[in-house]
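One structure is given here, and the rest of the page talks about it.
The values are calculated or read from the model by the stated rules, or taken from the named source; none is laboratory data. Quick caveat, the model's predicted, so the values are computed rather than measured. Using ideal geometry, Cβ is built from the backbone for each residue, glycine included, and neighbour counts are taken over all protein chains shown. Only protein heavy atoms, including side chains, enter the accessible area calculation; ligands, DNA and RNA are left aside. Shrake-Rupley method; radii C 1.70, N 1.55, O 1.52, S 1.80 Å.
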Amino acid sequence: MSQLILKRSSNFLLIAALVPGLTVRVFAGAGTTGGNVLEFPVGARAIAMGQAYTAQADDVSSLYWNPAGIAILNQSQASFMYNQLVQGQTYSNVAVATPLENGGIGGSISYLGFGSISGYDANANPTGSVNAYSGVGTLGGGWLLGPLSLGANIKGVQAQLADVSATGVAADVGGIWTFQKEVMGGTIRAGATVRNIGSGLNFINQNDPFPLEWRLGVAAVQMMDRRLNVSLDYGKQIDLPGALYTGVEYWVVPMVALRIGYAGTDQEGSGLTAGLGLKIKDFSFDYAYSSYGDLGMTQRYEISMRFGVIQPRLTPEERTLFKRAKLALARGYYEEAALLFDSLMTMEPDYRPFRRYFQLASKDTEKRDEEVNAVGTVNFKALHPDDDGTLDQNELTDLLKQGENGEAVAKTNETSAEESTLAPYIPSNEPEAAHSDPEAGSEPEPQAAPLKDKPDQGDVQPPQTPANETPDAKGQP
């Protein structure tokens with residue numbers, strides 16, 4: 001008889017029957033899906049904006065709405081949300097995420113507790129209290145690829161009723177495209193995501209599929225001098241009709257935000273939503289007020305904190321410059337690397353990796369200069385980028401060889417100059433410096449080119465007299 005109860009409990013039908021006022025959909029998504037904890041929205045800000053967060057996602061709650069939003073996060077963030085439901089049910093979520101150089105990573109844990117439930121056998125005889133809960137642990141990350149950010153996460157889901165438990169694995173994927181031109185002081189984002197792809201939950205010999213859902217969204221972000229955010233989503237969950245979601249957020253002052261939205265789904269949480277946000281330095285408090293179907297209204301409370309180094313998200317031009325600077329540093333072009341990192345520090349003074357790379361390039365430059373001065377060679381600029389913008393190591397090697405043999409290079413250049421002059425050859429036994437013009441400074445006078453049949457230095461020939469000139473008494477023309 002207890003086996004019958006356990007089988008029925010796989011869809012939480014027993015709980016729905018035992019808790020007054022609850023419907024099957026509260027626990028199992030219209031009775032056709034499992035892992036009901038996956039359907040509870042995360043983030044008081046997102047809920048207050050009508051759950052229209054596919055393209056708006058840019059905080060730690062992106063782990064739930066669209067994992068690509070983790071890549072847009074510019075500072076580490078942690079949050080805790082608590083939701084008091086009905087009949088002793090509670091839902092809570094704790095999450096943390098941190099940005100990386102080209103993206104971000106994060107994790108969260110959600111817990112849905114049903115409280116203590118009275119158990120009954122098939123004949124409606126009490127059998128004692130039954131504990132039931134569902135939980136999900138999430139790990140995810142996002143990557144920046146120019147204006148496009150991509151993200152994915154993996155989720156482990158567990159549900160338990162009395163002494164029977166079920167586990168499953170699910171995953172989310174998503175992307176966000178950020179328009180690169182300014183629009184009313186802000187920008188436009190477009191997003192897409194598919195959530196809850198997975199195996200479902202297996203209770204004994206029955207499988208309950210996860211609530212698979214896809215969404216498309218667009219958002220106007222930080223408009224009107226970072227005061228206004230507007231978002232719109234369209235989504236469809238398996239076995240349910242499509243729904244429209246929309247929300248607006250307006251920062252009245254830098255510390256206070258008002259939010260309102262509408263969720264068009266026919267699940268719990270549909271209808272009008274509202275909320276507010278308070279921000280004091282790195283701490284934020286968010287509140288959301290939304291419908292919970294036939295059970296009335298629910299309230300969500302969330303506290304979040306930002307910490308660590310601010311890492312501004314770079315523009316495509318800055319990322320290209322950053323990539324070239326790191327390439328120059330890796331190939332030993334320390335002067336160019338230092339100049340590029342210095343320019344990047346001017347563009348983004350709060351981005352600490354620029355400063356760290358600049359210090360490294362400057363240190364290597366000073367070290368090489370000391371080595372050059374120690375061997376008595378001339379310091380030179382060995383920066384010759386190729387046509388495609390990359391640097392050729394062979395050119396650097398050739399330049400180093402030329403620097404070590406500076407005198408040979410000078411003689412080669414001098415001989416080349418002599419062969420190219422048209423002046424007549426005038427032999428002389430005086431040192432070469434005697435032909436320098438004292439008024440010409442340090443630049444030597446171009447030397448005469450040799451004749452084809454150069455006489456020996458000991459047998460000097462007089463210059464030839466043109467046929468149309470008559471020599472005078474001294475033999476001069």
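Numbers at a glance
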quantity	calculated
Over the stretch 230-329, relative contact order from alpha-carbon pairs under 8 Å, at least 6 apart, %	15 percent
log₁₀ of I(q)/I(0) at q = 0.13, 0.16, 0.21 Å⁻¹ - the stretch 95-167, Debye sum with one point per alpha carbon	-0.57, -0.69, -0.90
Protection proxy ranking of 59-67, 191-199 - average other beta-carbon atoms within 10 Å, highest first	59-67, 191-199
The stretch 33-91, accessible area per residue, ligands and nucleic acids excluded (1.4 Å, Å²)	17 Å²
Principal axis dimensions, largest first and in whole angstrom, of the stretch 25-162 by Cα	64, 27, 26
Average accessible surface area per residue within the stretch 233-275, 1.4 Å rolling probe, Å²	48 Å²
Förster-model FRET efficiency, 45 Å R0, PHE307 and ASP239, C-beta, rounded to 0.05	0.60
Length added when fully stretched, PHE179-ASP225, from 0.36 nm per residue minus Cα-Cα	14.9 nm
Per-selection Kirkwood Rh - the stretch 291-363 (Cα, Å, 1 d.p.)	14.7 Å
Mean Cβ count within 10 Å, highest first, over the residues of peptides 118-126, 45-53, 211-219	45-53, 211-219, 118-126
Inter-part distance where the stretch 148-192 and the stretch 270-326 are each reduced to a Cα centre, Å	14 Å
Cα-based Rg of the stretch 129-186 normalised by 2.2 N^0.38 Å, two decimals	1.84
Calculated P(r) tail over 17 Å for the stretch 47-95, as whole % of Cα pairs	43 percent
Stokes-Einstein D (µm²/s) once Rh is taken as the Kirkwood radius of the stretch 147-300 over alpha-carbon pairs, at 25 °C in 0.890 mPa s	136 µm²/s
Most to least packed among 138-147, 246-255 [average Cβ atoms within 10 Å]	138-147, 246-255
Portion, in percent, of the accessible area of the stretch 104-153 that falls on carbon or sulfur, probe 1.4 Å	62 percent
